[in-house]
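Engineer: If you scroll down you'll find the structure; I have some questions about it.
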Amino acid sequence: MSNNLYIATMEPESHKIALVLGVMETLSRRIRNIGFFRPIIKSGDKPDNDIQLILSRYNHELSYEDTYGYTHEEARNMIAGGQYNELLKNIVSKYKELESQCPFVLCEGTDFTGVSSAFEFDFNADVANNLGAPILAVVNGFGKSPAAVVDGVRVARESYGGHGCTLAATAVNRVTADQVDSIVEQLGGLQREGEPLYVLPEEPTLAKPTVGEIARALNATVLQGESNELNREVRDFKVAAMNLPNFLDYVVDGALVITPGDRADVILGSLATVFSETYPNIAGLLLTGGLTPEPQVLRLIEGAKRSPTPIISVDTDTYTTAMNVSAVPAVITPDNERKIAAALGLFESRVDLEEFGNRITGIRSVRVTPIMFEYQLIERAKSNCQHIVLPEGAEDRILRATEVLLRRKVCDLTLLGDRKEIQQKTAALGLNLEGAKVVNPAHSEWLADFAKTYYELRKHKGISEEMAADAMTDVSYFGTMMVHKGIADGMVSGSVHTTAHTIRPSFEIIKTKPGCSIVSSVFFMCLADRVLVYGDCAVNPHPDAEQLADIAISSAETATMFGIEPRIAMLSYSTGESGKGEAVESVRQATAIARERRPDLKLEGPIQYDAAVDASVARTKLPESEVAGQATVFIFPDLNTGNNTYKAVQRSANAVAVGPVLQGLNKPVNDLSRGCTVTDIVNTVAITAIQAQETK
C-alpha cells in the first residue's frame, strides 16, 4: 500500500495542476492532513503558485518552506558542480521530514521550463524512485492527432517503465474535444489491468490567463478592478492603434484591449461596450507607456460605478507590452474559484473517482474533516440530480455560486428575477451560466395558478384573491410555491433577505412533516478532525420540552442523512440528576419525551457540554453513558445559548460552520446568512439537494 503519489509529465504546457487538484480533492475525502511536495520550484521572489493553491485549499497547517526541496537556480548550481546525487539525497531528506507529519504526500514534478526536457524527465523519474512513489503520468494532448497521442502514451509508459518506475495511472490532458472519443477508442489496445488510463478534454477556461494573472506577470498597476473582476479570463488581446470607430470593428468578447494611457477615446469607447447590447464585453483594459488618463477622464471612470471593467497600467511601450502579454501562461491561482471549479469538474467528469482512489491508496480515514465532508456533500448531490430554485437570482454571490454548481454538475438550477438584469450582471461579472433557467415571477405563466393555490391554502386566514396574487410576485413566495408544486425540489435563499422572509412562506405553503410540531435548524460544525451537529441555533428562541424533543429527533435524522452517527446530548447547565430549576427540568422532560418517541436513539440529558465531548469528564460524571464523551449531536436549550455557542466555536476553534440547515418541513427550504460566502451557498445548495433526494 502506497502512502504517496508523484504526478509527472514529459513536456511543458500539460496543465498538470488540474490533475493535481483533482487528485487532492479525491484523496481528501479519505485521508486527513495530506502533504504536498515539489522537489524543485521556479527561482525568483514570488512564491510557487501551485504550492500556494494546494496549501490554501487543503492544508493550512503546513508551512511553505516544508513543501519543496530546491529552487531551479539552486538545483542547477548543484548539478553543475557534480552534486546530482547529493541533490537527490537532500530532496529525499526534505521529503521525509514532510512525510513524518502526513499519512499521505502528493508530489508534483517539475514544469519543464528549466533545462532540457530529457534531463527533467530523468530527474522526475529518479526522484519518484527514491521516494518510493508510484507515478501518475500526464501526457499533453494539445494540438496532437489521435495517432500522436497514442504514441505519447506508449512512450511515457515505456520511458517510466525503463527507469524502474511504478505507474499508478496515465492521463492524457488537453485533448481537442471532438477527438476525445476517437482517442479513447484508439487507446483501448493500451489498456492494462489495474492501471487506469484517462482522457481529459481541453477546458478553455483553464487555457487562458486572467486579467489578474497578466497584471502580476507584468508587474502592472491596478487602476480599477476588485479581485473578482481581475479573475476574468482573457480569450484574446487587441492592440488599439486605430481611431475608435475603426477599432470597434475588431473588438471581440473577452478581449484585453491594449492601448496607450493617453488614448482617451479608446479607453472610454472600450468601457462603453459594457453598457451596449450590440458590442461584445471586453475582459479589461491594459494602458501602456506609463501614461495615465487625464484627470477629467479618470473622474468619469471613477463615477461609472456600474462598470466593473478592470483597468491596469504598465510602463512598457505598446509593442513590448503586447509581446509580454502573449507570453503569459495560464495558471490556477488560489483566489480563482472559477478555474478551480472548472478543473475539478473536468477531472470528476472523466475519472472514476472510486476506482482511482482505490488504486492510489487502500486506506480510509474513519474521521471526517471539513474537506471530506464538503466533498461528500458535492458527491451525494451529484449522484441523483435535483432541481433547486434560487430566488435571489441577481445577487453577485448567487451568480458566482451558480457557475460553480453548474460546472461541477451538482444540480439543476432556476434563478428568479428579471432576465435582462441577470444577463447584464452575468456578463459584467464574466460568468458562464449556460444551463441555468431564469424565471421572472411577475411575468411567469405559472403566476395565476400559483396565486389560486395560495388563496386556497390561506383563505381561512382571511386573505383575498388580490392579496394572494400580490404575494406570488414576491420571489420567496414564488420560489416556495415552485417547491410545493414539484417544479423545483428545494429552495435556497437568504443572502439578501431576512430569515423570516425566507422561511415564512414555507410555514404557510409547505408546512411541517407529519408528527413534527416545529421547524428547526442545525449547523454542521466542521472541526479539524470531525463534524458535529448543533441544533437549534437559528430559528426557535424558547422551545418548550415538547418542541425540544422534536428538535432532537429531527437533528438525529439530519445527522444520519449526512453520514454522521447520532449520539445526542441534550445540553444544560447540569449533568444527570444533580441540577434543579425550571430550565434544567425542561431539558429533562424533553429527554424523556424523545426517548419515548425514539427508543432506538442514543440520547443523554441533561448533560453539560464538557461531559458530552470530553471522555475524562464523562467518566467522572456519567461513566455508564453511551453518549457522554462522544456526542455528535448537541441540542441547545434555547436560541441564545445555541447561537452564541456555535459562533464561539466557529471563531475560537477555526471551525467551518455549514448552515443553518432547516429540518421538519415536508420539502427542503434552506436559509443563508446575509454574510454568506460563495462556498457557503454552494454547500447549502448541495445540502438542499441531498434533503430533496431523501424526501423522495
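Engineer: With a 1.4 Å probe and every protein chain left in place, work out the accessible area per residue of segment 259-301 in Å², rounded to a whole number.
Structural biologist: Heavy-atom SASA per residue in segment 259-301 reads 46 Å².
Engineer: So what does E61 come to for accessible area, using a 1.4 Å probe and Å² rounded to 10?
Structural biologist: Its accessible surface works out to 140 Å², give or take rounding.
Engineer: May I ask you to compute the full-extension gain from E73 to D315, defined as 0.36 nm times their residue separation minus their alpha-carbon distance, rounded to one decimal in nm?
Structural biologist: That works out to 84.3 nm of additional length.
Engineer: Residues in segment 534-549, backbone N under 18 Å from the label point at E596 (7 Å along the Cα-to-beta-carbon vector): list them, ranges by number please.
Structural biologist: From segment 534-549, the list is 544-549.
Engineer: Label points 7 Å out from Cα along the Cβ direction at D45 and K485: separation in nm?
Structural biologist: Roughly 6.1 nm, to one decimal.
Engineer: Under a plain spin-label model, where a point goes 7 Å from the Cα along Cα-to-Cβ, how far apart in nm are D610 and Y573?
Structural biologist: A separation of 1.5 nm, rounded to one decimal place.
Engineer: Computed FRET efficiency, Cβ-Cβ of S326 and S93, R0 45 Å: what is it to the nearest 0.05?
Structural biologist: It comes to 0.65.
Engineer: Something else now. Can you classify the chain as rounded, prolate or oblate using the Cα gyration tensor, where a ≥ b ≥ c are the square roots of its eigenvalues, rounded means a/c under 1.5, and otherwise it's prolate if a/b beats b/c and oblate if not?
Structural biologist: It comes out oblate by the Cα gyration axes.
Engineer: Gain in length, H542 to N666, computed as 0.36 nm per residue apart minus the alpha-carbon separation, to one decimal in nm?
Structural biologist: Length gained between H542 and N666: 42.4 nm.
Engineer: Right, something else. Note down the relative contact order for segment 537-618 as a percent, whole number, built from C-alpha pairs under 8 angstrom at least six residues apart.
Structural biologist: The normalised contact order for segment 537-618 reaches 35 percent.
Engineer: Want the number for D470 to E456: 0.36 nm per residue separation, take away the alpha-carbon distance, what's left?
Structural biologist: Once the chain is fully extended between D470 and E456, it gains 3.6 nm.
Engineer: Another one. Where the centroid of each part is defined by its Cα atoms, how far is segment 584-658 from segment 1-53 in Å?
Structural biologist: Segment 584-658 and segment 1-53 have Cα centres separated by 40 Å.
Engineer: Here's something else I'd like to know. Taking the mean number of other Cβ atoms within 10 Å as a proxy for protection, how do you rank 455-467, 211-223 from highest to lowest?
Structural biologist: So the peptides 455-467, 211-223, ranked by packing, come out 211-223, 455-467.
Engineer: Per residue of the chain, what 222 nm ellipticity follows from adding -39500 (n - 2.57) for every DSSP H run with n ≥ 4, rounded to the nearest 500?
Structural biologist: Calculated from helices alone, the mean residue ellipticity at 222 nm is -13500 deg cm²/dmol.
Engineer: List the lysines whose Cα lies under 28 Å from the Cα of K144, skipping any in the same chain that are fewer than 8 positions away.
Structural biologist: K16, K42, K208, K238, K339
Engineer: Using a Förster distance of 22 Å, how high is the FRET efficiency between T560 and Q630, based on the Cβ-Cβ distance and rounded to 0.05?
Structural biologist: 0.85
Engineer: Along the charge dipole of the chain, pointing to its positive end and built from +1/-1 on Cβ of Lys, Arg, Asp and Glu, which listed residue (Y198, G576, S159) has its Cα farthest out?
Structural biologist: Value: G576.
Engineer: Quick check: at a probe of 1.4 Å, how many percent of the accessible area of segment 238-363 sits on carbon and sulfur atoms?
Structural biologist: Accessible surface attributable to carbon and sulfur in segment 238-363 totals 54 percent.
Engineer: Going by the alpha-carbon gyration tensor, a ≥ b ≥ c the square roots of its eigenvalues, is segment 20-156 rounded (a/c under 1.5) or, if a/c is not under 1.5, prolate (a/b greater than b/c) versus oblate?
Structural biologist: It is oblate, given that a/c is not under 1.5 and a/b is not larger than b/c.
Engineer: For segment 88-193, with equal point scatterers placed on the C-alpha atoms only and solvent neglected, what are the log10 I(q)/I(0) values from the Debye formula at q = 0.11, 0.13, 0.15 1/Å, to two decimals?
Structural biologist: -0.41, -0.56, -0.72
Engineer: Turning to a different aspect of this structure: Can you send over the solvent-accessible area of M242, 1.4 Å probe, protein chains only, in Å² to the nearest 10?
Structural biologist: 80
Engineer: For segment 228-302, what's the relative contact order in percent, using C-alpha pairs closer than 8 Å and at least 6 residues apart?
Structural biologist: 31
Engineer: Which value, in Å², gives the accessible area per residue of segment 1-152 when a 1.4 Å probe is used on the protein heavy atoms?
Structural biologist: For segment 1-152, the per-residue accessible area is 38 Å².
Engineer: Right, another one. Would you list, by chain and number, the lysines whose Cα falls below 24 Å from the Cα of K621, excluding same-chain residues fewer than 8 positions away?
Structural biologist: Qualifying lysines at Cα under 24 Å: K580, K602.
Engineer: So, for segment 595-677, what is the accessible surface per residue at a probe of 1.4 Å, expressed in square angstrom?
Structural biologist: Accessible surface, normalised per residue, equals 48 Å².
Engineer: If the reach is capped at under 15 angstrom between alpha carbons, list the aspartates and glutamates near K46, excluding any in the same chain fewer than eight residues apart.
Structural biologist: Cα-Cα hits under 15 Å: E65, E73, E213.
Engineer: Hey, another quick one. How big is the charge dipole of segment 583-690 about its Cα centre, in debye rounded to the nearest 20, if each Lys and Arg gets +1 on its Cβ and each Asp and Glu gets -1 on its Cβ?
Structural biologist: Once rounded to the nearest 20, the dipole reads 180 debye.
Engineer: At a threshold of 8 angstrom on Cα-Cα distance, excluding pairs fewer than six apart, so keeping six or more, what relative contact order does the chain reach in percent?
Structural biologist: Relative contact order comes out at 11 percent.
Engineer: Restricting things to alpha carbons, tell me how big segment 183-227 is in terms of Rg and Dmax, in Å.
Structural biologist: Computed over the Cα atoms of segment 183-227, radius of gyration and Dmax are 19.7, 56 Å.
Engineer: At what distance in nm do the modelled label points of A148 and T679 sit from each other, each positioned 7 Å from its Cα along Cα→Cβ?
Structural biologist: The modelled label-to-label distance comes out at 4.0 nm.
Engineer: What does the C-alpha gyration tensor say about the overall shape of segment 217-306? Classify as rounded when a/c is under 1.5, otherwise prolate if a/b is larger than b/c, or oblate.
Structural biologist: Rounded, since a/c falls under 1.5.
Engineer: Determine, from the Cβ-Cβ distance of K511 and E11 and an R0 of 60 Å, the FRET efficiency 1/(1 + (r/R0)^6), rounded to the nearest 0.05.
Structural biologist: The computed FRET efficiency comes out at 0.45.
Engineer: So what is Rg over Rh here for segment 472-538, counting just Cα atoms and using Kirkwood for Rh?
Structural biologist: 1.04
Engineer: In degrees between 0 and 90, to the nearest 10, how far off the longest principal axis of the chain does helix 337-350 point, with axes built from Cα atoms?
Structural biologist: Value to nearest ten degrees: 90.
The values are calculated or read from the model by the stated rules, or taken from the named source; none is laboratory data. It should be emphasised that the depicted structure is a prediction, and the values quoted were computed from it without experimental measurement. Cβ atoms come from the backbone with ideal geometry, glycine included; neighbour counts cover every protein chain shown. SASA here: full protein model, heavy atoms, side chains in, ligands and nucleic acids out. Shrake-Rupley method; radii C 1.70, N 1.55, O 1.52, S 1.80 Å.
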